[in-house]
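Q: For reference, the structure I am asking about is given below.
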Amino acid sequence: MQKIKYMLKGTYIFKWYLFTRSIGFGVCLINFLFQNVFRIDACKYSKNYSSRLIAPSKFIIQDNCIEVKKSLAVSGGCYFQATHGISIGAKTIWSFNVIMVTSDHDLRDYRLENSERSGPISIGENCWLGAGVVVLPKVRLGPNTVVGANSVVTKSFPAGNVVIAGTPARIIREL
C-alpha cells in the first residue's frame, strides 16, 4: 500500500483525493454537478455551487494554494466579479457571502463602465475576510490582514498586519 501511495504522490489523482478528503465527498460531488453538468460558472477551481464567479480566467490563486481552494469550495453565497482580475495570496481564506467587484459603472449612464474607478483587486497572503465582506475595485490588502464581518473595503491597506472593520473599513488594530 505504501508503494502505491508513493507512486501516486504528486499526481493529479492523488491531489484530487487529498482535496476531496479535506472538504468532503458530498461537497465535491455537488460542486462538480453544478460546474460540469449544469455548466454554472465552469472554472478550473472547485467552487461552491451557491457562489458565482464572473471571468474565472482572471481569478488567480497564488501558488495554487490548497487552503484558498478549500475556502472557494466551501464558502457559499460569494460573488466574485473578476473582469479586471482578482489575485488571492496563499493561505488566505474567507467566510460566506463575501463579494469582490472589480468594475464600476458610470453614474450618468449605468450601461457604461467607469474605467477610472475600475481595477484589479489584490489580497495578500494569510488574510482572513469575515462573513459578508465587500471588497471594491482597486483595493490591495497586504499580508496578514483581517477584515471584520460586514465590512466594506473601499481603499487599500498595502502594509498589512492589521485588523480592519467598518463601513468604510478602517484600521481597528495593528497585529
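The values are calculated or read from the model by the stated rules, or taken from the named source; none is laboratory data. Given the structure is predicted, the values throughout are model-derived calculations rather than measurements. Cβ coordinates were reconstructed from backbone atoms using ideal geometry, including for glycine residues, and neighbour counts include every protein chain displayed. Accessible surface is based on the protein model in full, side chains and every heavy atom, while ligands, DNA and RNA are left aside. Shrake-Rupley method; radii C 1.70, N 1.55, O 1.52, S 1.80 Å.
Q: Considering only Cα-Cα distances, which of the following residue pairs are longer than 18 Å: Lys47/Lys138; Lys70/Lys91; Lys70/Lys155; Lys69/Lys138; Lys44/Lys70?
A: Too far apart for the 18 Å limit: Lys47/Lys138; Lys70/Lys155; Lys69/Lys138.
Q: Apply the Karplus curve 6.51 cos²θ - 1.76 cosθ + 1.60, θ = phi - 60°, to the phi angles in region 144-156 and return the couplings in whole Hz, x for Gly and Pro.
A: 6, 9, 10, 10, x, 4, 6, 7, 10, 8, 9, 9, 7
Q: Please go through region 60-123 and write out the trypsin sites (Lys or Arg not before Pro) that DSSP classes as loop and that have at most 14 other C-beta atoms within 10 Å.
A: Listed in order of number, the matching sites are Arg108, Arg111, Arg117.
Q: Now, a different point. Rg and Dmax of region 34-175, Cα atoms, in Å?
A: Final numbers for Rg and Dmax: 14.6, 46 Å.
Q: How much accessible area does Ile93 have with a 1.4 Å probe, in Å² rounded to the nearest 10?
A: Accessible area of Ile93: about 70 Å².
Q: Tell me the label-point distance for the pair Ala159, His105, using the 7 Å Cα-to-Cβ offset, in nm and rounded to one decimal.
A: Taking the two extended label points, one gets 3.7 nm.
Q: Working from the alpha-carbon coordinates of region 77-134, get Rg over Rh, Rh being the Kirkwood radius.
A: When Rh is taken as the Kirkwood radius, the ratio is 1.05.
Q: Counting pairs of Cα atoms in region 53-93, how many percent are more than 14 Å apart?
A: For region 53-93, the fraction of Cα-Cα distances above 14 Å is 44 percent.
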